1. When you check Phe30 against the structure, is it under 25 Å from Pro87 (Cβ atoms), in a helix (DSSP H, G or I) and aromatic (Phe, Trp, Tyr), yes or no?
2. Could you list all residues from the stretch 16-29 that are in contact with a helix residue (DSSP H, G or I) (Cβ under 6 Å, 6 or more places away or on another chain) and without any contact (Cβ under 8 Å) to a residue 60 or more places away in the chain?
3. Exactly one condition in (1) in a strand (DSSP E or B); (2) open to solvent by less than 20 Å² (accessible area, probe 1.4 Å) is false for His95; which is it?
4. Quick check on my filter: what residues within the stretch 40-51 are without any contact (Cβ under 8 Å) to a residue 40 or more places away in the chain and crowded, with 16+ Cβ neighbours inside 10 Å?
5. Please work out which one of (1) closer than 19 Å to Tyr35 by Cα; (2) surrounded by 13 or more Cβ atoms within 10 Å (Cβ to Cβ); (3) not aromatic (Phe, Trp, Tyr) is the condition Gly147 fails and give its number.
6. If I go through the stretch 67-89 residue by residue, how many of them are touching a Phe, Trp or Tyr at 6+ places or on another chain (Cβ under 7 Å) and modelled with pLDDT of 95 or more?
7. For the stretch 168-185, which residues satisfy the criterion of being surrounded by 16 or more Cβ atoms within 10 Å (Cβ to Cβ) and either touching a helix residue (DSSP H, G or I) at 6+ places or on another chain (Cβ under 7 Å) or charged (D, E, K, R) (or both)?
Amino acid sequence: MYSHPVAIRLASIEDILTLQAIEISAASLFRATAYPELAAGPPISRKAHEAHFAKKHPVFVAEVTADEAGSLAECCSIMAGFALVAPLGKGLHLHELSVHADHQHRGIGRSLLRYILAFARQKAFHNVTLTTYSDIAWNAAFYRSEGFSILQSLNDNPALETILQKEIAAGAKAQTRCAMRHDLA
């Protein structure tokens, strides 16, 4: 854990290159899993980020101070992680949560996730959903520790079913790819 609180702010279009660098770094951790191919995949494209911003969907950035990042200077903050969300039906869907490999296991992802849950409550969303892998510790088990449950059926959420099926069609393993939900009511 960082000794100072993680600062969370809305990202801007000027942050896209840094968001992509964070995503690439975070994905590198997949090399040591059953999904090493994910480490070589491209980050979210600039065009997709621009479309997300154009729709006014939030991207939240977690920043840490330079001294917390290991620098001697205490002059500035650096982006250590981000979360990309968008409305999905009556809920909010977490499309991406990435923390730079140099800053993992320090509570940044958890801070981002809790911020998203608070944001969703404030905006009166009914739930927060996501898709992830059920067999990787920093995936489903992490989200379960924050109140998410694996959905056994997606009959009541065809939009989430579509997201999951697109991921499987793109190469995600159907046996271990899952949808999760945190109800906010």
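The values are calculated or read from the model by the stated rules, or taken from the named source; none is laboratory data. Source: prediction; values computed, not measured. Note that we place each Cβ from the backbone using ideal geometry, even for glycine, and neighbour counts take in every protein chain shown. Surface accessibility is based on the protein's heavy atoms, side chains included, excluding ligands, DNA and RNA. Shrake-Rupley method; radii C 1.70, N 1.55, O 1.52, S 1.80 Å.
1. Working: under 25 Å from Pro87 (Cβ atoms): no; in a helix (DSSP H, G or I): yes; aromatic (Phe, Trp, Tyr): yes.
Against the criterion (under 25 Å from Pro87 (Cβ atoms), in a helix (DSSP H, G or I) and aromatic (Phe, Trp, Tyr)), Phe30 does not qualify.
2. Ile16
3. (2)
4. Restricting attention to the stretch 40-51, the residues satisfying the condition of being without any contact (Cβ under 8 Å) to a residue 40 or more places away in the chain are 40-43, 45-51.
Scanning the stretch 40-51 gives Pro43, His49.
5. With (1) closer than 19 Å to Tyr35 by Cα; (2) surrounded by 13 or more Cβ atoms within 10 Å (Cβ to Cβ); (3) not aromatic (Phe, Trp, Tyr) applied to Gly147, the lone miss is (1).
6. Step one: filter the stretch 67-89 for residues touching a Phe, Trp or Tyr at 6+ places or on another chain (Cβ under 7 Å), giving 68, 82-83.
Applying the additional criterion that residues be modelled with pLDDT of 95 or more yields 82-83.
Looking only at that region, the number is 2.
7. First pass over the stretch 168-185, keeping only residues surrounded by 16 or more Cβ atoms within 10 Å (Cβ to Cβ): 172, 177-182, 184.
Correct list: Arg177, Cys178, Ala179, Met180, Arg181, His182, Leu184.
Yes/no matrix, rows are residues, columns are (1) more than 19 Å from the chain's Cα centre (by Cα); (2) aliphatic (A, V, I, L, M):
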| position | (1), (2) |
| --- | --- |
| Phe148 | no, no |
| Asp156 | yes, no |
| Glu161 | no, no |
| Ala169 | yes, yes |
| Ala174 | yes, yes |
| Cys178 | no, no |
| Asp183 | no, no |
